[in-house]
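Structure first, then comments.
The values are calculated or read from the model by the stated rules, or taken from the named source; none is laboratory data. Nothing here was measured: the structure is a model prediction, and the numbers come from that model. Please note: Cβ atoms are built from the backbone with ideal geometry, for glycine as well, and neighbour counts cover all protein chains shown.
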Amino acid sequence: MPVYTIDPLSDPRWPEFVACHPRSSIFHTSGWLAALRQAYGYVPIAYTTSPPGKELVNAFPFCRVETWLTSGRLVSLPFSDHCEPLVDGQEDLALLLTAAEKDSRSSSLSYVELRPLHSLPPGGSHFTEADSYVFHSLDLRPSLDQIYRNFHEDCVRRKIRRAERERLVCEVGNSETLLRAFYRLFVQTRKRHGLPPQPFGWFRALLASLGQSVRIYVARRGDLAVAAILTLTHPSGMFYKYGCSDPAFNSLGGTQMLFWNVIQIAKAEHCPLLDLGRSDCDDSGLITFKERWGAARADLLYFRYSLRPSLQRGYYRQAKLARRLLTRFPPAFLSAAGRFLYRHMG
């Protein structure tokens, strides 16, 4: 069976196909792909067995990441916690992956990376496990009272009550004012973690491409922003993507108040779950934080077909060294580093 490549941003079949497929998420949408293209210049493509002019019955989206600093690769998908192949069987999946492998060889790419939420590469493929993470999601189908009772008493419920006593206010929207308040806290938080922040242009691209699907939640004490969260909304669920705070005010419960607001809004909008994203396996603090909300834990495995494994190993050694060094630099330097680095990272 022949395999075709399509451009999801120009193919008129893509939006309806993604909207109807039961395995789709916010990361499959034209808006997310358009933001990746606008902010980083990545070229989205999708493999399918559906010929031109016929209804799409399957697809596997990728972005071609190729810059002057790094070797080219196919990633499904950059800066996405997960991306399920939109296929209904292993036979179709094998065909689409074989086509991606063939393209990577003919274009001399260094590797092809998969980030599925549940699917595994079919037996006999050349993909091997590359990275592992911890994934959390919160089931929003029970009543709000039941969901609230599952929160940790001291670390969540008590903090929510503290935020109420401190009269913290939650602002919700996607205005420029809220985006700038979020980004100021985001830069601070990334510095504490030894990481450069994503460029401000990335968040502007999200707002431009996804519109009302993007929500920014900011907790304020008076005029001061003390915590912020950015979420993405899709029929498959509410996606927590970024969070940040001022550590001087963490005891006030601003972050817990914001998450509680996110959960209530998601519940009111009939979202089936809150996707809390991935955590590094050794980030015990973040894992514990998510589990204190009653979130379910699962393994999240990424797979790679590597044509140049030595380059891949060298990249990860350099990334670990850079992370240790970046904690020593001021926020202005880290912001500049983020603007330079992220489009090469994918």
Search result, residues across the stretch 187-213 that are surrounded by 23 or more Cβ atoms within 10 Å (Cβ to Cβ) and either hydroxyl-bearing (Ser, Thr, Tyr) or outside any loop (DSSP other than H, G, I, E, B) (or both): 203, 206
Count - residues of the stretch 10-28 that are in a loop (DSSP other than H, G, I, E, B) and surrounded by fewer than 16 Cβ atoms within 10 Å (Cβ to Cβ): 3
Tabulated pairs, the stretch 112-126, first small (Gly, Ala, Ser), second not in a loop (DSSP other than H, G, I, E, B), C-beta under 6 angstrom, 6+ apart or interchain: 125/97
Residue in the stretch 292-299 that is at pLDDT 95 or above, under 28 Å from residue 25 (Cβ atoms), outside any strand (DSSP E or B) and charged (D, E, K, R) present: yes
Single match in 253, 201 (criterion: modelled with pLDDT of 95 or more and on the phi > 0 side of the Ramachandran plot): 253
Any chance residue 303 is at pLDDT 95 or above and in contact with a Pro (Cβ under 9 Å, 6 or more places away or on another chain): yes
Residue 106 being among the hydroxyl-bearing types (Ser, Thr, Tyr) and touching a strand residue (DSSP E or B) at 6+ places or on another chain (Cβ under 9 Å): no
Set 210, 195: member being of a type in the set (A, V, I, L, M, F, W, C), in the same structural domain as residue 260 (by TED's automatic domain parsing) and touching a Gly at 6+ places or on another chain (Cβ under 8 Å): 210
Of all residues making up the stretch 29-47, the number that are out of contact with any Lys or Arg (no Cβ under 9 Å at 6 or more places or on another chain) and not in a helix (DSSP H, G or I): 3
Near pairs, Cβ below 7 angstrom, 6+ apart or cross-chain, from the stretch 145-158 (surrounded by 12 or more Cβ atoms within 10 Å (Cβ to Cβ)) to any residue that is in a helix (DSSP H, G or I) and among the polar types (S, T, N, Q): 156/256
Residue under evaluation residue 165, criteria (1) modelled with pLDDT of 95 or more; (2) farther than 15 Å from residue 264 by Cα; (3) buried (at least 17 other Cβ atoms within 10 Å of the Cβ), criterion not met: (3)
Selection within the stretch 268-294 - closer than 19 Å to residue 80 by Cβ and surrounded by fewer than 20 Cβ atoms within 10 Å (Cβ to Cβ): 273, 280, 281, 283, 286
Test for residue 135: is it assigned to a loop (DSSP other than H, G, I, E, B) and either buried (at least 17 other Cβ atoms within 10 Å of the Cβ) or β-branched (Val, Ile, Thr) (or both): no
Residue within the stretch 6-24 that is touching a residue at least 60 places away in the same chain (Cβ under 8 Å) and under 21 Å from residue 198 (Cα atoms) present: no
Residue in the stretch 84-103 that is basic (Lys, Arg) and either under 28 Å from residue 265 (Cβ atoms) or touching a residue at least 24 places away in the same chain (Cβ under 8 Å) (or both) present: no
